[in-house]
1. Could you grab me the full set of residues in region 25-47 that are open to solvent by 40 Å² or more (accessible area, probe 1.4 Å) and acidic (D, E)?
2. Which pairs turn up if I take residues in region 38-54 that are under 18 Å from A72 (Cα atoms) and look for partners that are among the β-branched types (V, I, T) and open to solvent by less than 20 Å² (accessible area, probe 1.4 Å) with beta carbon separation below 6 Å, at least 6 apart in sequence or on another chain?
3. List the pairs whose first member sits in region 17-28 and is at pLDDT below 70, whose second member is open to solvent by 100 Å² or more (accessible area, probe 1.4 Å), and whose Cβ atoms are under 7 Å apart, counting only residues at least 6 apart or on separate chains?
Amino acid sequence: MTKTLLPLALIAAAGVGFAMTAATEIDTDGDGFLTLSEMQAVYPTLTTEVFETIDVNSDGLLDMDEVAAAEAAELLPATES
């Protein structure tokens with residue numbers, strides 16, 4: 001699978017669209033990163049493939065910059081309540 005690199009300019013253009021309080025709530029283990037299972041608890045339709053696309057550095061975790069870039073690029077589905 002070819003990974004799509006998300007330009008860092010998207011982060012700057014969007015500001016930090018991902019509220020830190022929401023990130024803290026999603027980050028259930030409190031390590032400062034988001035795993036696939038933590039993300040799927042909020043975004044149940046998030047696929048492994050999309051998660052891997054968002055995970056630009058391929059470390060298996062999402063940091064706040066990767067999440068902000070994914071939101072700016074509309075890669076995250078709408079939250080389901």
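1. E25, D29, D31 - these are the residues of region 25-47 that are open to solvent by 40 Å² or more (accessible area, probe 1.4 Å) and acidic (D, E).
2. V42/I26
3. Hits for this filter: zero, empty list.
The values are calculated or read from the model by the stated rules, or taken from the named source; none is laboratory data. Small disclaimer: the values here were computed from a predicted structure and weren't measured. With ideal geometry, Cβ positions are generated from the backbone for all residues, glycine too; neighbour counts draw on all protein chains shown. The area values use the complete protein model at the heavy-atom level, side chains included, leaving out ligands, DNA and RNA. Shrake-Rupley method; radii C 1.70, N 1.55, O 1.52, S 1.80 Å.
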